[in-house]
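Participant: Structure provided below as structure tokens; questions to follow.
The values are calculated or read from the model by the stated rules, or taken from the named source; none is laboratory data. The model shown is predicted, which means the values in this text are computed figures rather than measured ones. Counting neighbours? That spans all protein chains shown, and the Cβs are built from the backbone with ideal geometry, glycine included. Accessible surface areas use protein heavy atoms only, side chains included; no ligands, DNA or RNA. Shrake-Rupley method; radii C 1.70, N 1.55, O 1.52, S 1.80 Å.
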Amino acid sequence: MSDWGAPATPAAEATNDAWGSATAAENGAEETVEETTEETTEEKGKTYEVPTLNKDEFLAKARGAGWTETTAFNYADFEASGGNNGDWHAISKVYEWNDEYGDVGPEVPELERILFGGEHQMRKGQHYENIDIPVTIEGPVKVDPVRNFGDAGLHPVVLNNIKLAGYTEATPVQAYTIPAVLQGMDVVAIAQTGTGKTAGYMIPVISRLMGKAKKLAAPKPNTFDPSYNARFNKVKAEPLVVIVVPTRELAIQIFDEARRMCYRSMLRPCVVYGGLPMGVTMDELGKGCDILIATPGRLCDLMDKPHVLTMSRVKYTIIDEADEMLDSDWEEELRKIMAGGDTNEDADHVYMMFSATFPKTAREMARQYMASDYFRVKVGRAGQAHKNIRQAVVYVDQNQKREAVFDLLFQMEPGRTLIFCNSKAQVDLLDDFLYNRGLPTTSIHGDRNQREREDAFRAFRTGKAPILIAAGVAARGWDVADVKHVINYDLPSTQYGGINEYIHRIGRTARIGHQGLATSFYNDRDEDIAQHLVNVLVECECEVPEFLSHLKPEEGAKIEFDDDTDDEAEEEAEAAEGADAGGVAVAGGAWGAPAAEEGADAGGLAADTGFNAEAAPAASAW
Ligand SMILES: Nc1ncnc2c1ncn2[C@@H]1O[C@H](COP(=O)(O)OP(=O)(O)OP(=O)(O)O)[C@@H](O)[C@H]1O
């Protein structure tokens, strides 16, 4: 059965069918499809009727269609609390260690319910086979993939936490990263959105540290001691693991995964991000911190306060959404984090990078930081979407977008919907527009203060405001259960991140084996992304609309992904050239793997024959 999200009404069914094709067939709505296909798919620049309803009628229309009540942001409460109601996610409960425990702490049922019992925690969907796609291993090192967590040699507490989280088998990326990290390798991993990359590093890192926490970790105050005083018993944070992510919401989300995997362990996770009051940050770090999740700006600030944070014990540095982090905007911070301060430079310091996209510029930067023999795993093509997302592209003139999105929201069964705009001003305008028409919206962008951001995100997550309007870049990595529909109100043109941004945006739906719909409004302003978009549609077997059909590759022809995401051809040629010129080719591609001797002939590539693994072509790159 498909969970694309059934249309609410017969009219909706008609338009819905016209976007893709799957629903039409599934619902057997042949007649309606014929009628509407011409009207909507082929039509360019449809003019939408402006409904002449008053506020109450709009509200009634929204309720009638099944959308929930609108909830206004309570500015009175917000201001009464001084713009800080103290409800920061960063102070969410973590497992607190008592010095009297042995190697493993006892169960705390109440905390267990909070960490693992949440109705909003995602469970694997029914279309998991679509993300179980070929894996390429590059580089001189090889690992045997581990599909069953039980076979991976993980610490029993971590194994139990995996079970509590409802993870029954490792995803393809996890199957490789878990053994690689357990063997102490530097790792670069690229896999589609929503395929479990976070657990791909969290599980093995925590498992590895579990038995050694007593030896490696800095002393922490015993918060169970009756004489403990949070103000006077502060310690310096000396993390063993630092995870750096580009956005605050993502930091919070990864903190939650760390809270789950650290349950019943001595390891204490903390999260720090811009916008969080410094007092809260200091208090949390002051209780001790073994796993630190941070946004780069706040981390760099704290690195300048050696009485608060020292990096001297760090054993693992992990860069999530690595290509975004390697973007030049973050270069200075990243350099400081990777090499600066008092970072532990031991030979056993492990570096890791994870993302769904990895353009060439990012690959070049990454090479500067990683050990020469790092493990490289790629699931599918870097920058590839997956087939659980049904992508539709609709032609909408700029001045028709507001009515078009309103119309669209009534064509689907109400469900969590994420709408992306390219500018903060547009986010605000659209939020007001839809809210005034009775729809339960909220919005988020970089100019909002942290309190508003956390409230908006929470309202979306819990379903209180199921329509979230966001400025694009904010949404990388977000993992919200049951997002049925992503709408690109504005497509991300090159200036806004282009096709890579598109892949990340649509990846907010159809996660971990679920299905979802992504609708994009296209018009003449979007021509710069058109070819990339068509390539992605064709690759994922989604319908290419009539107005873009001239860009479709010839039947059976290889799709040319000249978007720099996976520039294999060029780098392959470079590597081959190097080989001809005396074996100075970079073995295993452009990732800075060892040259010459492992290179050229052997390709330096560990051709993995494990499940679904494909031998990478000699000297190929990502
Ligand atoms: N082995 C597993 N089995 C079932 N669910 C899993 C497994 N591993 C992770 N998940 C769940 O899958 C969801 C997606 O994981 P995650 O957010 O790590 O994806 P991601 O690959 O980092 O995506 P993105 O590229 O968008 O950041 C999460 O809700 C997570 O709890």
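Participant: Mind giving me the nanometre distance, one decimal, between the label points for Glu69 and Asn98, set 7 Å out from Cα along Cα→Cβ?
Facilitator: Label at Glu69, label at Asn98, 4.2 nm between them.
Participant: Same structure, new question: How much FRET efficiency would the formula 1/(1 + (r/R0)^6) give for Ser493 and Ser312, where r is the Cβ-Cβ distance and R0 is 60 Å, rounded to 0.05?
Facilitator: 0.85
Participant: May I pose another question? Quick one: if the Förster radius is 25 Å, what FRET efficiency do Lys552 and Asp407 give, using the C-beta to C-beta distance and rounding to 0.05?
Facilitator: The pair Lys552/Asp407 has a calculated efficiency of 0.35.
Participant: Can you tell me how much longer the chain between Glu541 and Arg335 gets when fully stretched, taken as 0.36 nm per residue apart minus their C-alpha distance, in nm with one decimal?
Facilitator: Additional length available on full extension: 70.1 nm.
Participant: How much area per residue is accessible in segment 403-476 when the probe is 1.4 Å and only protein heavy atoms are counted (Å²)?
Facilitator: It amounts to 28 Å² per residue over segment 403-476.
Participant: Loop-only GluC sites (Glu not before Pro) in segment 323-421, please: DSSP not H, G, I, E or B, and at most 15 other Cβ atoms within 10 Å.
Facilitator: Passing sites in segment 323-421 are Glu345.
Participant: Next question, about the same structure. Can you figure out the FRET efficiency of Asp397 with Ile559, using R₀ = 41 Å and their beta-carbon distance, to the nearest 0.05?
Facilitator: Computed FRET efficiency for Asp397 and Ile559 comes out at 0.90.
Participant: Using a basic spin-label model with each label point 7 Å from the Cα along Cα→Cβ, how many nm lie between Asp225 and Glu527?
Facilitator: 7.1
Participant: Express the C-alpha Rg of segment 141-230 as a ratio against the empirical globular expectation 2.2 N^0.38 Å, rounded to two decimals.
Facilitator: 1.29
Participant: With a 1.4 Å probe and all protein chains kept in place, how much accessible area does Met365 have, in Å² rounded to the nearest 10?
Facilitator: Looks like 20 Å² after rounding.
Participant: Given points 7 Å out from each Cα along the Cα-Cβ axis, report the Leu111 to Asp447 separation in nanometres with one decimal.
Facilitator: 4.2
Participant: So how much accessible area does Lys212 have, in Å² to the nearest 10, using a 1.4 Å probe?
Facilitator: 90
Participant: Right, another one. Leaving ligands, DNA and RNA out of it, rank Thr494, Thr519 by accessible area with a 1.4 Å probe, largest first.
Facilitator: Result, largest first: Thr494, Thr519.
Participant: Using per-residue counts of other Cβ atoms within 10 Å, averaged over each peptide, order 182-193, 224-235 from highest down.
Facilitator: Highest mean packing first, the order is 182-193, 224-235.
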